[in-house]
Structure formats: C-alpha cells, structure tokens
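The values are calculated or read from the model by the stated rules, or taken from the named source; none is laboratory data. Just so we're clear, the structure is a prediction, and the values are computed from it rather than from any experiment. Cβ sites come from the backbone with ideal geometry, for glycine too, and all protein chains shown count toward neighbours.
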Amino acid sequence: MLRACLGPAALARTCLRTRTSSLLHHQHRPRWHSTTSPSASERKPRLLLGLVGGTAVLATSIIYADSVNADPAADSLPALFRAYAVYSMCSIPAIVDNAPALLRLADLPIPGARWLIQSLVRVTFFDQFVGGDTAQDALPVIARLRAGNKGTLLVYSVEVDEAEAMAGASSSTSPHERIVDEIVRCVDAAADFEDSLEAEVRTTSVAVKLSALIPDAHILVKLSKYLLTTRPPTPTPVPFPGSPHDSDLDILSSPIPPTPDLTPTDLAALRILHMALRRICAHAAARRVRVIFDAEYSWYQPAIDALTHALSREFNAAGQPLVYATYQAYLRRTPAQLAQALADAQAGGYALGIKLVRGAYHPYEVSAHAVASDSTTAAHRSSTSISPDPLPPVWLTKNDTDACYDDCARMVLRAVADDLRCQVVDPRSSRPGPTAAAPPYWTSWWSSSPASPEEKGTQDKAAAPSVAVLFGTHNWASCCLVLDELVRTGLARSDTDKVYIPDAVTSRVAVGQLYGMCDDLTDDLAQRTVCSAPFVVKYLPYGALGEVMPYLSRRALENRSVLGEGGAARERARAGREIWARVRGMLRLDR
C-alpha cells in the first residue's frame, strides 16, 4: 500500500527515493486519463443506488461542518460515514458526469424537490468540502485545523451568474460589489482568528477568484487578446499565455479604448475591478493577511497576470509578500514564466508570492484548443481558446506536468534559500540587510551548542521574505520532494522521521490541499514537520448552500482531475477502513 511505501521513518529521506516507484506511479495515473463510460442501461441503477445509498448512510446522523478533522483517527463516526458516502458517489461515473444536472434538479417546480436535493447535498458534499455558510461559521473548522497543526486558506467560493449580473441586480448593490464586500469580511475573519492566537507566523490567508469580481468575465478575454498583441517581448521568450509587463495596465488610463475590441463600458468595468482589488489588498495589508489569487483558464490568464503583477509591485514592495499569484505547472510556459517573475521581482525591488499548482482545467484547455484549431468547422469561431500556437498551451501528458511541477519546485526553493542567505536580522532593527561575510543566520538554529536566549531570539526572528511559496499539491511524491529539497538546501534539518523547520522558512514555504480531500497526506505532513507554525494548509471554501452549488459540482467533476483515476475509491477505502476499525473496537472484535 502507498502508506506502507511512504512510512514514518521514510518521509524525510528514504521515502523520497521511492517517489518514482512503480506503486506510486501506478496510484497516480494521469488526471485527464479517459475511461470507458458505462452503458446507459448500467448508469441508471448505479445512479439511483449511489443517491439512495448516500442518503441512507447519513439519514440517521446529524453532521456539522465543524465536526471534520483531518486526522481520520480523530474524526467522528458520522463524519467518516459522510466521507464514505461522498466518495462512494464520486466513484460512480454516472453521478460525477451528471453532477451539474443533478444539482439543477433543485430548481424544478416540484413540491419538496428543492428541500430534498439541498438537504442531501448539505449533509454530503457541502459538509465534506465547505467550511460553512459564512466566514464566522467556518471559524470552528479553522480552529480545529489549527489544533491539528494545519493552517487555512479561506475563500468565499461564490460565482456570479453573468446573465443575471448583465441584466441588472435586484438590489442597489451589484452582485460583484457584494462579493468584494464579503471578501473584505473574509479578510477580517482570518485576521481576527490570527490576532486571537498572537502567533509570530500567521498562517490563515484568503484566496480570491478574480473572474467572479467583474460583471462579464468575457471582458478579461478581450483584455487578454489586447495584451498578447501589445506586450513588449521578454528577454527570454515565454510561451502562451506569456508573461506580464509593467505597462500592461496603462490601458486603464486611456480616455478611449485603444482597440475596437474593448468598449468604453469594458474599460470602466476593468477600472472598477482594479480599484476593488486594490481595496481588498490594502485592507489585507492593514490586517496582515496574505491574499492569494487563483489561476483560471488560459484565455483569462494574460489579464489576470497583468492585474496580479501590478498588485504585487504595489503591495509587495516592503519585502513581505502579501499578494500571491498562481502558477500552473501544466502550462508549457511555466518554467520560463517563473524564471522571468523571479528576475523581474529582484530587478523591481518587490517581493514575489508564488502559489504553485498543477492545474485543474486540462481537458477543457485541450478541447477548446482543438476546436479553435479546426478551421473546417463553424464552431472554431466560438471557441474560447485564444492561443496562437499549433500545440495546446498545456502539456499533453501527466508525466510532463509532473516533471514541470517538480522542476519549478526546485527552482523556487533554490530562490528561497538564496533569499535567506542574502538576509540577516540586525538585533537593533527588524529590517533585513545584505551580508557578505556572515554565514546563513539559521546555521546555529539546530547546532549542538545551545544558543543563548538573546541569540535564539535573533535566530528565530525571520527576516522579511522577498520570495515565498505555497505548494498546492495532492501528490505524495511532490510533497516528499519539497521536504527533501528543504533539507538539501539547508532550509530545514531532518532525523529519522521528522523534518525540523524554523520560523524563517515557515513564513516563506507551505504545502496545501483542498479541504475534504487527501486528508491522509495533509495529516501525514502535519505530523512529520516540527515547527512553531503550521507547514501545511487546507483550502477552505465557504458560502451559502445555494451560492456554492457551482463549486460543489466542479468539486465532483474535478475529483478525478485532482486525485487521479481511482482517487475517489482510495478515499472511500480509507474511510471504510477507519469505520471498520471503530466498529471492531466498539464490538471488541479485536480481542
């Protein structure tokens, strides 16, 4: 089994040498690997069985969102039943493929349909993948995660209905303005929680999906097209969708659109969006909460890159990365883009916040590019892809994506190590400064000679970082690689089964997984790392049930993408083993 391969004593060293083993490779098949769907005659009974089975398992249990714990041994029995039911349904292709349609059944004019569907969704998918209806509702989950040595990336996971927004909202405040207001409240909730702990390293951050903050997301596509044709070339070519430039947002100061593709209304919407993002970041800076912008489809990325680049230059200038941009390893551009970003941040004198992920939209990217490239069909004109290249913007195989992710991880950790070597904390000042002759300040952190209290205080106080990274991954091998590189580059030390990470590094490096998924990996990392602040975080969405339905349908569809083929079955089996162990204990069958 995988956990046997990645046992306690092996995580820091031995496990790393097994990351390319046949077992690990077998259990992490390509996330976009296609399988044959069951026939229509097979789908109906399996679909019905999954829905009825999930309801039956949970009908007799009241499960609260804050009852979830990432350690399966600490989960309540009802929470384990919920996980088993959810991943049983996610293991049935008919349910996964029809998830959006099934959730839309709640809108049918059938008495009781909405109540029935929403009740089922709430005690299954909602409680498994969502922290609560409001940020305040999510606080018990955040506290429980922190008690288990896990941080939180909190996100208001609501998407705007673009048709409704363009038609005009029913209230005086547009949906997008309300979302911005809620994100500000989300920042306050994260900050208040951290303030209550009085921790040196704050590990509750806020994520933002940028396309939800503009009335018509197609405006971002228009801006992306404009940027692709007007950006100056980079010193080293970066494949589509390119790399941002300092002049990208000059268009916002134009009195009239410089291109007929963008209307005055579009420019006004982009200016409002930019102001809203600056408002969020300014408030986050005042409350000392990091803001991490999610990556999206490649046709949005040039515009998203331009905005996050401008925000980084403005709010990361003090040396502390407040704004993080997301880099997708499944894009061919990412190694060159990341190298360009590191060089630009160093030259521009601002800090760089990086969230490195593999990417969740591979099938859609390949399909959209194929349609756009086929000029023999009328559909190519309506394709969302804007790539000018003959190949899709994403790698074609998972192996290529995995290799790209690991190479980028090494690149970033080398940059973090170099960053720390160039900084020293002056005991008379909190400002970091260059040091030519001094050894790395963390050298004596684990030295055999105990440091004096004055020395230890200086050593543990982290210099303001200029490079920081969150590795978003559900891949055991990549997590092992990160720990191995931390030790190899001198950022951490290890013994038989523990990795010891100083505050200077935990303020710069973290690993994260989605809430409700791969909890065994999350818990394993939390137990293996020894540090004063959590090294591992959970991406925790919140929002009213009716608002997060789109997120839940994507969560069902993307389980195969994130976990790989058979991933849901493994999660189900894991919950099943723990349920059986509990039952055996209660019935004393193990005696």
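Out of 544, 569, I need the residue that is out of contact with any strand residue (DSSP E or B) (no Cβ under 6 Å at 6 or more places or on another chain), more than 30 Å from residue 417 (Cα to Cα), surrounded by fewer than 17 Cβ atoms within 10 Å (Cβ to Cβ) and at pLDDT 90 or above. Which one?
On inspection, the qualifying residue turns out to be 544.
Could you check how many residues of the range 520-534 are in contact with a Ser or Thr (Cβ under 8 Å, 6 or more places away or on another chain) and touching a residue at least 60 places away in the same chain (Cβ under 8 Å)?
Number satisfying all stated conditions: 3.
Table: residues versus (1) over 21 Å from residue 551 (Cα atoms); (2) modelled with pLDDT of 75 or more.
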| position | (1), (2) |
| --- | --- |
| 157 | no, yes |
| 168 | yes, no |
| 171 | yes, no |
| 177 | no, yes |
| 181 | no, yes |
| 186 | no, yes |
| 192 | yes, yes |
| 207 | no, yes |
| 214 | no, yes |
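So, in the range 252-265, exactly how many residues are surrounded by fewer than 20 Cβ atoms within 10 Å (Cβ to Cβ), closer than 15 Å to residue 306 by Cβ and hydrophobic (A, V, I, L, M, F, W, C)?
Of the residues in that region, 1 qualify.
Condition check ((1) touching a Phe, Trp or Tyr at 6+ places or on another chain (Cβ under 8 Å); (2) modelled with pLDDT of 90 or more; (3) not hydrophobic (A, V, I, L, M, F, W, C)) across all residues:
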site	(1), (2), (3)
98	no, no, yes
102	no, no, no
109	no, no, yes
117	no, no, no
147	no, yes, no
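Among the residues of the range 514-522, is there at least one that is under 23 Å from residue 411 (Cα atoms), surrounded by 21 or more Cβ atoms within 10 Å (Cβ to Cβ) and hydrophobic (A, V, I, L, M, F, W, C)?
Let us first name the residues in the range 514-522 that are under 23 Å from residue 411 (Cα atoms), namely none.
Among the residues of the range 514-522, not one is under 23 Å from residue 411 (Cα atoms), surrounded by 21 or more Cβ atoms within 10 Å (Cβ to Cβ) and hydrophobic (A, V, I, L, M, F, W, C), which makes the answer no.
Cβ-Cβ distance below 7 Å, separation of 6 or more or different chains: which pairs start in the range 196-224 with a residue that is closer than 13 Å to residue 262 by Cα and end on one that is outside any helix (DSSP H, G or I) and charged (D, E, K, R)?
222/261
Across the range 341-368, which residue is surrounded by the most Cβ atoms within 10 Å (Cβ to Cβ) among those that are more than 20 Å from the chain's Cα centre (by Cα) and hydroxyl-bearing (Ser, Thr, Tyr)?
My answer is 350.
Given the conditions (1) more than 19 Å from residue 478 (Cβ to Cβ); (2) modelled with pLDDT under 85, which single one is not true for residue 516?
(2)
Return the residue satisfying two criteria in turn: it lies in the range 92-151 and is of a type in the set (Lys, Arg) and under 21 Å from the mean Cα position of the chain (by Cα), and of such residues it is farthest from residue 525 (Cα to Cα).
Step one: list which residues in the range 92-151 are of a type in the set (Lys, Arg), which gives 104, 114, 122, 144, 146, 150.
Now drop any that are not under 21 Å from the mean Cα position of the chain (by Cα), which leaves 144, 146, 150.
Values: 144: 16, 146: 14, 150: 9 Å.
For the range 92-151, the residue satisfying everything is 144.
Given the criterion β-branched (Val, Ile, Thr) and more than 23 Å from residue 388 (Cβ to Cβ), identify the matching residue among 265, 234, 229. Outline the logic, then answer.
Working: 234 fails: more than 23 Å from residue 388 (Cβ to Cβ); 229 fails: more than 23 Å from residue 388 (Cβ to Cβ).
Unique residue meeting the criteria: 265.
Can you name every residue in the range 232-263 that is among the polar types (S, T, N, Q), assigned to a loop (DSSP other than H, G, I, E, B), without any contact (Cβ under 8 Å) to a residue 60 or more places away in the chain and closer than 21 Å to residue 312 by Cα?
If the condition is that a residue be among the polar types (S, T, N, Q), assigned to a loop (DSSP other than H, G, I, E, B), without any contact (Cβ under 8 Å) to a residue 60 or more places away in the chain and closer than 21 Å to residue 312 by Cα, then 247 is the only one that fits.
Name every residue in the range 325-340 that is crowded, with 22+ Cβ neighbours inside 10 Å and in a helix (DSSP H, G or I), in order of residue number.
Correct list: 334, 337, 338.
Under 6 Å between Cβ atoms, which residue pairs at least 6 apart in sequence (or on different chains) link something in the range 87-98 that is over 20 Å from residue 518 (Cα atoms) with a partner that is at pLDDT 75 or above and outside any loop (DSSP other than H, G, I, E, B)?
95/89
So residue 268 clears everything in (1) outside any helix (DSSP H, G or I); (2) among the small types (Gly, Ala, Ser); (3) surrounded by fewer than 17 Cβ atoms within 10 Å (Cβ to Cβ) except one condition, right? Which one?
Single failed check for residue 268: (1).
I'm told residue 373 meets every condition in (1) within 21 Å of residue 244 (Cβ to Cβ); (2) at pLDDT below 95 except one. Can you identify the failing condition by its number?
If we test residue 373 against (1) within 21 Å of residue 244 (Cβ to Cβ); (2) at pLDDT below 95, just (1) comes out false.
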